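A.B. asks: Below is one structure. I have some questions about it.
The values are calculated or read from the model by the stated rules, or taken from the named source; none is laboratory data. These figures come from a predicted structure and were not determined experimentally. Quick reminder, even Gly has a Cβ in these numbers, built from the backbone with ideal geometry, and neighbours come from all protein chains shown. In case anyone asks, the SASA skips ligands and DNA or RNA and just uses the protein heavy atoms, side chains included. Shrake-Rupley method; radii C 1.70, N 1.55, O 1.52, S 1.80 Å.
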Amino acid sequence: MKLRTGLTLAAVAGGIATVGYAAGIERTRWTLRRFDVPVLPPDAEPLRVLHISDLHMTPGQRSKQEWVRELAALDPDLVVVTGDNLAHVEAVPAVVHALTPLLERPGAVVFGSNDYYGPLPKNPFRYFGKPQVRKFGPDLPWQDLRDVFTASGWADLTNARATIKAGGRHIALAGVDDPHLAQDDYDRVAGPADPTADLRIGLSHSPEPRVLDRFAADGYDLLLCGHTHGGQLRVPGYGALVTNCGIDRDRARGLHHWSGDTWLHVSAGMGTSPYAPIRFACPPEVSLLTLIPNG
């Protein structure tokens, strides 16, 4: 009996310690991940792409804001933001403060569900069951954020295409609105990616395979997404428990081949819902992708 009681107390203590670490330490262990991506023509000079996703910003998150501001020192050629920037109706100034040094660089953006609607309390076990009727939180002022991005010269790729110059290269981009909300309209950007461009990049907040397959079929070299939080709670040696979308667990974060010559990078993102402020074995991240020749 004493042994059983001791084991129970040890398990409880271990659980409390794990939650304390996940909420108090790892949740703010801002991490820069680096990847080399072989998508450029032979003999091309490297191109640096900074991929930011899922900030889920609230006004008081000063540490996150200042860490993101310092990323400008990486001297990226292109900045890409793949949505879910907001977690509070008054968070636009905080996001702008964080990104201001990067807005001087060429950039592109798509938006996610947590740009449009605020977070709500949820039972975390719902992610393991069948899809449920979605409940929306309060409307968020995403248009104000979009206006800051576009006024800085960034391309809004909400079901749109654009060509921008970055790092001395012409880059063909296309993006869709958030597939997690079924607001994507790939038909508006469908068609072969510009074969004369130096690089072709596709953006989507949620990495839904039906969208990624169409980007790959149209000849995009690199696809950038977020949404999954890398699983947010990962089991060492096993990985993500869930992805909250159609992508497989093994590609819930990081760089992977998708189809043919197309590469996919899924960012585990920087934030969490205010109602589930924990991360485990999946620190908040931004990725610096160094694009290199594929030969």
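A.B. asks: Can you give me the distance in nm between label points at D139 and L74, each placed 7 Å from the Cα along the Cα-to-Cβ direction?
C.D. replies: If labels sit at D139 and L74, their model points lie 3.5 nm apart.
A.B. asks: Can you give the local net charge around R27? Use residues other than it whose beta-carbon is closer than 15 angstrom to its beta-carbon, Lys and Arg +1, Asp and Glu -1.
C.D. replies: Combined, the nearby Lys, Arg, Asp and Glu give +2.
A.B. asks: In region 88-120, whose amide N lies under 20 Å from the spot 7 Å out along Cα-to-Cβ of R210? List them in ranges.
C.D. replies: The answer is 111-114, whose backbone nitrogens lie closer than 20 Å to the label point.
A.B. asks: Hey, got a sec? Which chymotrypsin sites (Phe, Trp or Tyr not before Pro) in region 132-239 land in a DSSP loop and have at most 15 other Cβ atoms within 10 Å?
C.D. replies: F136, Y238
A.B. asks: Given +1 on the Cβ of Lys and Arg, -1 on the Cβ of Asp and Glu, and no further charges, what dipole in debye does region 182-236 carry about its Cα centre, rounded to the nearest 20?
C.D. replies: 260 debye
A.B. asks: What's the center-to-center distance, using Cα atoms, between region 26-72 and region 199-233 in Å?
C.D. replies: For region 26-72 versus region 199-233, the Cα centre distance is 17 Å.
A.B. asks: Sticking with the crude label model, points 7 Å out along Cα→Cβ, report the distance from A197 to I292 in nm, one decimal please.
C.D. replies: 2.4 nm
A.B. asks: Go through G167, G254, L222 and say which Cα lies farthest out towards the positive end of the charge dipole of region 117-255; charges sit on Cβ, +1 for Lys and Arg, -1 for Asp and Glu.
C.D. replies: Farthest along the dipole direction, towards plus: G254.
A.B. asks: Given a 10 angstrom Cα cut-off, can you work out which residue in L241, L157, L203 is the most mobile in a GNM of the chain?
C.D. replies: Judging by the Gaussian network model, the answer is L241.
A.B. asks: First compute the accessible area of region 182-262 with a 1.4 Å probe, then give the percent of it belonging to carbon and sulfur atoms.
C.D. replies: Carbon and sulfur together cover 46 percent of it.
A.B. asks: Over all alpha-carbon pairs of the chain, lay out the pair-distance distribution in 10 Å bins, whole %, shortest bin first.
C.D. replies: 6, 29, 36, 20, 6, 2, 1, 0
A.B. asks: So, one more: Just how large is the dipole of the chain about the Cα centre, in debye to the nearest 20, putting +1 at every Lys and Arg Cβ and -1 at every Asp and Glu Cβ?
C.D. replies: Computed about the Cα centre, the dipole is about 1480 debye.
A.B. asks: OK, next. What 222 nm value per residue comes from the helices of the chain, counting each DSSP H run with n ≥ 4 as -39,500 (n - 2.57) and dividing by all residues, nearest 500 deg cm²/dmol?
C.D. replies: Helix contribution divided over all residues of the chain: -6000 deg cm²/dmol.
A.B. asks: Where the Cα atoms of region 163-295 are projected onto their three principal axes, how long is each span, largest first, in whole Å?
C.D. replies: Extents along the principal axes: 44, 32, 26 Å.
A.B. asks: State which stretch of the chain is the longest one without any exposed GluC sites (Glu not before Pro), exposure meaning a DSSP loop state and at most 16 other Cβ atoms within 10 Å.
C.D. replies: It runs 105-295.
A.B. asks: Rounded to the nearest 0.05, what FRET efficiency do T150 and V235 have when you use their Cβ-Cβ distance and R0 = 45 Å?
C.D. replies: The formula returns an efficiency of 0.65 here.
A.B. asks: Taking the Cβ of I278 as the centre, find all other residues whose Cβ is under 14 Å away and add up their charges (Lys, Arg: +1; Asp, Glu: -1).
C.D. replies: Local charge sum for I278: +4.
A.B. asks: Oh, and also: Using a 1.4 angstrom probe, figure out how much accessible area the chain has per residue, in square angstrom, rounded to the nearest whole.
C.D. replies: 45 Å²
A.B. asks: So, one more: Going by a ≥ b ≥ c, the root eigenvalues of the Cα gyration tensor, does region 51-90 fall in the rounded group (a/c under 1.5), the prolate group (a/b larger than b/c) or the oblate group?
C.D. replies: Here region 51-90 falls in the oblate category.
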